[in-house]
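The values are calculated or read from the model by the stated rules, or taken from the named source; none is laboratory data. If you're wondering where the values come from, they're calculated on a predicted model, not measured in any experiment. As a convention, Cβ positions derive from the backbone with ideal geometry for all residues, glycine included, and neighbour counts pool all protein chains shown.
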Amino acid sequence: MPDTPSAARSREDLATPVARGPRETRKQRLLTPALLIAVLITSGLLMLSLTTGAYDVFSADGFWMFGITRVPRTIALVLAGASMAMCGLIMQLLTQNRFVEPTTTGTTEWAGLGLILVLWLFPGASMLARMGGAVTMAFIGTVIFFLFLQRVTLKSSLIVPIIGIMLGAVVSSFTTYIALMTDHLQTLGIWFAGSFTRVVEGRYELMFLVLGVTILVFITADQFTVAGLGKDMATNVGLNYTAVLFIGTAMVAVATGVTATVVGTLPFLGLVVPNIVSLFRGDDLRSNLPWVALLGIATVTVCDLIGRTIRAPFEIPVGLVLGLVGAVVFVGLLLRQRKKGGLPA
């Protein structure tokens, strides 16, 4: 029976929102005035970082110093802040736990073990060799953590980061023992502090590797969203869950290992940033990614500025400031979930 004109128009009306609505909605979610304001604020913080320091940029050697110290430092702030915040988000999706990130899974401690092993076995090793050791051990440690979660049933989501922290403590103790026996304890202390002081021309270029990780997160966001539904659900909709888990683990290992080699530890960054973004914007991964990147950059930059100015001309390591902020936010998240009557899965 042929369709009447009114029936045809009705089908067109029903089809129009399906064809155009999601695309327009996604574009509106990604490109909002609030996001543009956030970009401007973050850019302002980066400009402040470029102009903050103990020397005058307009002095005889000021511009030269500007190019070899402040510019590399600011670039490292951007790359480290964005990549480590996104790594936290990836790990939270893959474990379905809001309290998971490289610091609370032992990944950072495994990266430190890789650094010390390279320094012990290959004295005078290059930055590239140290990075290779850190990335390799970070990958191994993250795989061990994921394998443990797959084989053990936990009654509370809070147990997951506790197990990760305990595992990290064991690895850290072993690392400290090796550092003590090989006279690398001072190096380990500098690494644990986490500071951008040593980030200068010739030492920061490895950080561009994490730019690839950041771009890859944007490309694979939909796959990680599906993987975050759980292995059974992801497999049922045709996703290769094992491959996505491997890619996510590799991305976390690269970002953590490179950042640990160049900067040191940035504790709780991957915990604080994704949770704050989700608190105000919900759990839409695709639209949250720019916010996670920007807030990660802004958080690291603000903590670095605090460390550079509070006792100028001396500096407090950014890891200490970030650790204090992260610990406060972590406790706040726990208290907030307690008021709601439970912890997130």
Exercise. Please specify each residue of the range 76-98 satisfying the condition of being modelled with pLDDT of 90 or more and farther than 15 Å from residue 272 by Cα.
Key: 76, 77, 78, 79
Quiz item: For residue 158, which of the numbered conditions (1) modelled with pLDDT under 90; (2) surrounded by 18 or more Cβ atoms within 10 Å (Cβ to Cβ); (3) more than 16 Å from the chain's Cα centre (by Cα) fails to hold?
Solution: (2)
Quiz item: All but one of (1) under 21 Å from the mean Cα position of the chain (by Cα); (2) touching a residue at least 40 places away in the same chain (Cβ under 8 Å); (3) surrounded by 13 or more Cβ atoms within 10 Å (Cβ to Cβ) hold for residue 178; which doesn't?
Solution: (1)
Quiz item: Scanning for something farther than 22 Å from residue 288 by Cβ and either out of contact with any helix residue (DSSP H, G or I) (no Cβ under 8 Å at 6 or more places or on another chain) or not basic (Lys, Arg) (or both), does the range 79-101 turn up at least one residue?
Solution: no
Quiz item: List pairs: first in the range 70-93 and outside any helix (DSSP H, G or I), second at pLDDT 90 or above, Cβ under 7 Å, 6+ apart or cross-chain?
Solution: none
Quiz item: Pick from 187, 225, 197: which is farther than 30 Å from residue 68 by Cβ and at pLDDT below 90?
Solution: 225
Self-check item: Top-ranked residue in the range 194-236 [being more than 14 Å from the chain's Cα centre (by Cα) and among the hydroxyl-bearing types (Ser, Thr, Tyr); ranked as surrounded by the fewest Cβ atoms within 10 Å (Cβ to Cβ)]
Solution: 235
Quiz item: If you check residue 103 against the conditions, is it crowded, with 23+ Cβ neighbours inside 10 Å, within 15 Å of residue 257 (Cα to Cα) and at pLDDT below 90?
Solution: yes
Quiz item: Would you call residue 244 within 21 Å of the chain's Cα centre (by Cα), surrounded by 16 or more Cβ atoms within 10 Å (Cβ to Cβ), of a type in the set (A, V, I, L, M, F, W, C) and not in a helix (DSSP H, G or I)?
Solution: no
Practice problem: Scan the helices (runs of 4 or more DSSP H) fully inside the range 109-207 and keep the ones with 2 or more residues being small (Gly, Ala, Ser) and more than 21 Å from residue 271 (Cβ to Cβ). | Solution: 127-151, 159-181
Practice problem: Enumerate the pairs (first residue in the range 144-159 and within 19 Å of residue 171 (Cβ to Cβ); second residue anywhere and assigned to a loop (DSSP other than H, G, I, E, B) and modelled with pLDDT of 70 or more) with beta-carbon separation below 7 Å, excluding pairs fewer than 6 apart on the same chain, so at least 6 apart or on different chains. | Solution: 145/105; 145/106
Self-check item: Looking only at the range 282-318, and only at residues there that are surrounded by fewer than 22 Cβ atoms within 10 Å (Cβ to Cβ) and among the acidic types (Asp, Glu), the one that is modelled with the highest pLDDT
Solution: 315
Quiz item: Here are 258, 272, 252: which of them is in a helix (DSSP H, G or I), among the aliphatic types (A, V, I, L, M), within 15 Å of the chain's Cα centre (by Cα) and within 26 Å of residue 44 (Cβ to Cβ)?
Solution: 272
